[in-house]
Amino acid sequence: MENRYIGVITGDLVNSSDGKERGITYRELVNTLLSEVSRHDWYGISKTEFFRGDSFQITMESPQSILEVASYIRTYLISQTDVHESESLDARLSLSIEMLNRYSQHNESAYEQAYVLSGKNLESMHKSKKMVFNSTQRNFMLPVSSITNLLDHTISMLSKPQAEILREALDVMEVNPPELVKKTKKTRQNIHKIIERSGTDRVIESLLNCRKYITGII
């Protein structure tokens, strides 16, 4: 029997509180976000669920795009931040890839190591971080956690316009300035400035390379 892997992202919204609304409720926002993520077939998402109104978990039966999903989630949320808000809407995300327990009676059991690691690492995440990766699989741990750290820093530094452009690029996994001009209604000059300052093209390139690396293992 060949090995099977799953990816799990456990997350919660940053700057949220019970009962607070931003025009639409947090639950509606997360609902819309998860619907947006799920429409990408290549993400291989098999399940999404809520824990509380602002917490969620995503299961990927094909985890090679796990960093793309995490990047899309954060850029989507940052791009939804209202102009009057002093802090960006964002998410804390804990990512894990693990081998499925071949002896389990249930697929995607809550006792799978990927769920356990993802949940525990979200609880213990340092307040300075918004993305972490962990795995007991040594061939994943060092390279994927390293790129996760770099992505975390890069995305955390994005302005709302920069997050919007990266989100659009993540939607198709390429940087196409003419298409970005059409979608965002920004000038070509403005698009090029945003891409250059935010490193959008390098982010997409790094994510594609990471996808290839994970695919080669699983």
Förster radius 22 Å - calculated FRET efficiency between GLU196 and ILE217 (Cβ-Cβ, nearest 0.05): 0.10
Residue-level accessible surface for HIS153, protein heavy atoms, 1.4 Å, Å²: 120 Å²
Gaussian network model of the chain, Cα within-10 Å springs - most flexible of THR184, THR48, THR148: THR184
Rough spin-label spacing in nm, given labels placed 7 Å along Cα→Cβ, for ASP41 and LYS127: 4.6 nm
P(r) histogram, all alpha-carbon pairs of the chain included - 10 Å bins from 0, percent: 8, 34, 37, 17, 4, 0
Label-point gap, in nm, between MET99 and SER146 - each point 7 angstrom along Cα→Cβ: 2.3 nm
Dipole of the chain, positive end: most advanced residue of THR154, SER118, PHE140 [Cβ charges, Cα centre]: THR154
Sites MET173 and ARG138 - FRET efficiency at Förster radius 25 Å, r taken between beta-carbons, to 0.05: 0.35
Residue of LEU142, LEU93, LEU122 that the Gaussian network model of the chain assigns the largest fluctuation, springs spanning Cα pairs under 10 Å: LEU142
Within the accessible area of the chain (1.4 Å probe), percent carbon and sulfur: 47 percent
In nm, spacing of pseudo-spin labels at ARG4 and LYS160 (7 Å Cα→C-beta vector): 4.4 nm
C-alpha long axis of helix 66-79 to longest principal axis of the chain, angle in °: 40 degrees
Equivalent ellipsoid semi-axes - Cα gyration tensor, segment 109-152, angstrom: 18, 15, 6
Dipole in debye (nearest 20) - the chain, about Cα centre, beta carbon charges: Lys, Arg +1; Asp, Glu -1: 440 debye
Relative packing of 164-176, 67-79, which averages over residues the other C-beta atoms within 10 Å, highest first: 67-79, 164-176
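The values are calculated or read from the model by the stated rules, or taken from the named source; none is laboratory data. Bear in mind that the values here come from a model prediction, so they are computed numbers and not experimental data. Reconstructed Cβ throughout: ideal geometry from the backbone, glycine too, with neighbour counts over all protein chains shown. Accessible surface areas use protein heavy atoms only, side chains included; no ligands, DNA or RNA. Shrake-Rupley method; radii C 1.70, N 1.55, O 1.52, S 1.80 Å.
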